[in-house]
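Asks: Sharing a structure below in structure tokens format, with a few things to ask.
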Amino acid sequence: MTDPSARRDAPCAGLRIGDAAPDFSARSTAGEVRLSDYRGRWLILFSHPADFTPVCTTEFVALAGSADEFEKRGCALMALSVDSLFSHFAWLRLIRDRYDVEVRFPILEDPTLVIGRAYGMVAPNDNDSATVRTTFFIDPGGIIRAMTCYPANVGRSTPEMLRTLDALQAVDDGPVLAPANWTRGDALLAQPDASLDTVYAAKGQTDWFLKETG
Ligand code: BEZ
């Protein structure tokens, strides 16, 4: 059987949905940033394994190209890797020159991995200090509302990040639910009334628990 304490150390397993996002401050490509300064707006904090690598480059080009879409939703982006600030600068310059895209959201340096470890972004194999592709969706109150963890060799989907953000925002005032493949404009589901009276009253309807809102 797997040792449960070892599982807690696996990437993405350090924090759980509903936890307060640990505060930190760090140097970034947009100056010194402090996580708690983002209170009052949504934030997507994400790690990448390394600058100047193929998949990461495609992710940054894609995210910078969709920066307006995140902005429209009141959501800031913040990236992080173990690489130095000057490595980030050099990589962003290459991306600008080669792909004609300016990455304006902050990319943090985390040379001591103090942030990466606090967020469970580091692979458990300590020989490899690279952060994996974790993504944390943090609400305006500083609470982690969703997170994903991808391996180094699979890039994230910007449309899926936007869709997840849309869904989190749509269900935020409750009591509604976003079904499979939901996208903005689609119907939401009603939170089922968990009472036996409702169950018995739904004559001939065995799917009484699955209803659209409105
Ligand atoms: C990449 O972004 O292409 C990558 C980064 C680290 C390991 C493997 C691939």
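Asks: Identify the residue in segment 53-86 that is within 23 Å of residue 139 (Cα to Cα) and of a type in the set (S, T, N, Q) and, among all such residues, is nearest to the ligand (Cβ to nearest atom). Walk me through how you get there before you give the answer.
Replies: Of the residues in segment 53-86, the ones within 23 Å of residue 139 (Cα to Cα) are 59-60, 62-81.
Now restrict to residues that are of a type in the set (S, T, N, Q): 66, 81.
On the way: 66: 18, 81: 10 Å.
Here the residue is 81.
Asks: Only one of 163, 117 is closer than 18 Å to residue 17 by Cα and outside the structural domain of residue 86 (by TED's automatic domain parsing); which?
Replies: Working: 117 fails: outside the structural domain of residue 86 (by TED's automatic domain parsing).
Only one candidate passes the filter, namely 163.
Asks: Please determine whether any residue of segment 144-157 is farther than 30 Å from residue 48 by Cβ and out of contact with any Pro (no Cβ under 7 Å at 6 or more places or on another chain). Before you say what the answer is, go through the steps one by one.
Replies: Narrowing segment 144-157 to residues farther than 30 Å from residue 48 by Cβ: none.
So far as segment 144-157 goes, no, none of its residues is farther than 30 Å from residue 48 by Cβ and out of contact with any Pro (no Cβ under 7 Å at 6 or more places or on another chain).
Asks: On the given criteria, is residue 114 touching a Gly at 6+ places or on another chain (Cβ under 6 Å), farther than 29 Å from residue 166 by Cβ and of a type outside the set (Asp, Glu)? Let's see the steps before the verdict.
Replies: Values: touching a Gly at 6+ places or on another chain (Cβ under 6 Å): no; farther than 29 Å from residue 166 by Cβ: yes; of a type outside the set (Asp, Glu): yes.
Considered against the rule, which asks whether it is touching a Gly at 6+ places or on another chain (Cβ under 6 Å), farther than 29 Å from residue 166 by Cβ and of a type outside the set (Asp, Glu), residue 114 comes out as no.
Asks: Please verify whether residue 53 is within 16 Å of residue 131 (Cα to Cα) and among the hydroxyl-bearing types (Ser, Thr, Tyr), treating the condition exactly as stated. So that I can check it myself, show each step before the final result.
Replies: On the way: within 16 Å of residue 131 (Cα to Cα): yes; among the hydroxyl-bearing types (Ser, Thr, Tyr): yes.
So residue 53 passes the test.
Asks: Can you tell me which of (1) within 16 Å of the ligand (Cβ to nearest atom); (2) part of a loop (DSSP other than H, G, I, E, B); (3) touching a residue at least 24 places away in the same chain (Cβ under 8 Å) is the one residue 134 doesn't meet?
Replies: Condition (2) is where residue 134 drops out.
Asks: I would also like to ask the following. Quick one: would you say residue 188 is away from the ligand (no atom under 16 Å from the Cβ), touching a Pro at 6+ places or on another chain (Cβ under 8 Å) and either of a type in the set (A, V, I, L, M) or not assigned by TED's automatic domain parsing to the domain that holds residue 16 (or both)?
Replies: Numbers: away from the ligand (no atom under 16 Å from the Cβ): yes; touching a Pro at 6+ places or on another chain (Cβ under 8 Å): yes; either of a type in the set (A, V, I, L, M) or not assigned by TED's automatic domain parsing to the domain that holds residue 16 (or both): yes.
Taking the combined requirement at face value, the residue satisfies it.
Asks: Of the conditions (1) in contact with a Ser or Thr (Cβ under 9 Å, 6 or more places away or on another chain); (2) hydroxyl-bearing (Ser, Thr, Tyr); (3) outside the structural domain of residue 17 (by TED's automatic domain parsing), residue 195 clears all except one; give me its number.
Replies: Only one criterion is unmet by residue 195, namely (1).
Asks: Can I ask one more? Could you please find all residues in segment 12-44 being of a type in the set (A, V, I, L, M, F, W, C), over 16 Å from the mean Cα position of the chain (by Cα) and either not in a loop (DSSP other than H, G, I, E, B) or not assigned by TED's automatic domain parsing to the domain that holds residue 149 (or both)? Full working, then the answer.
Replies: Going through segment 12-44, the residues of a type in the set (A, V, I, L, M, F, W, C) turn out to be 12-13, 15, 17, 20-21, 24, 26, 30, 33, 35, 42-44.
Applying the additional criterion that residues be over 16 Å from the mean Cα position of the chain (by Cα) yields 24, 26, 30, 33.
Selection gives 26, 33.
Asks: Report, ordered by the first and then the second residue, all pairs with beta carbons closer than 7 Å, sequence separation of six or more or different chains, a first member in segment 52-65 that is over 21 Å from residue 76 (Cβ atoms) and free of Cβ contacts under 8 Å to residues at least 24 places away in the same chain, and a second member that is more than 8 Å from the ligand (Cβ to nearest atom) and not in a helix (DSSP H, G or I).
Replies: none
Asks: Evaluate the following for residue 50: is it among the small types (Gly, Ala, Ser), within 16 Å of the ligand (Cβ to nearest atom) and crowded, with 18+ Cβ neighbours inside 10 Å?
Replies: On the way: among the small types (Gly, Ala, Ser): yes; within 16 Å of the ligand (Cβ to nearest atom): yes; crowded, with 18+ Cβ neighbours inside 10 Å: no.
So residue 50 does not fit the description; no.
Asks: Sticking with this one: Across segment 70-124, what is the total count of residues that are assigned to a helix (DSSP H, G or I), within 19 Å of residue 157 (Cα to Cα) and at pLDDT below 95? Show your work before the answer.
Replies: Applying the first criterion (assigned to a helix (DSSP H, G or I)) to segment 70-124 yields 70-72, 85-99, 114-118.
Next, only the ones that are within 19 Å of residue 157 (Cα to Cα) stay: 70-72, 95, 99.
Next, only the ones that are at pLDDT below 95 stay: none.
Looking only at that region, the number is 0.
The values are calculated or read from the model by the stated rules, or taken from the named source; none is laboratory data. As the structure is a prediction and not an experimental result, all values here were calculated from the model. When we count neighbours, we look across all protein chains shown, and the Cβ atoms used for this are built from the backbone with ideal geometry, even at glycine.
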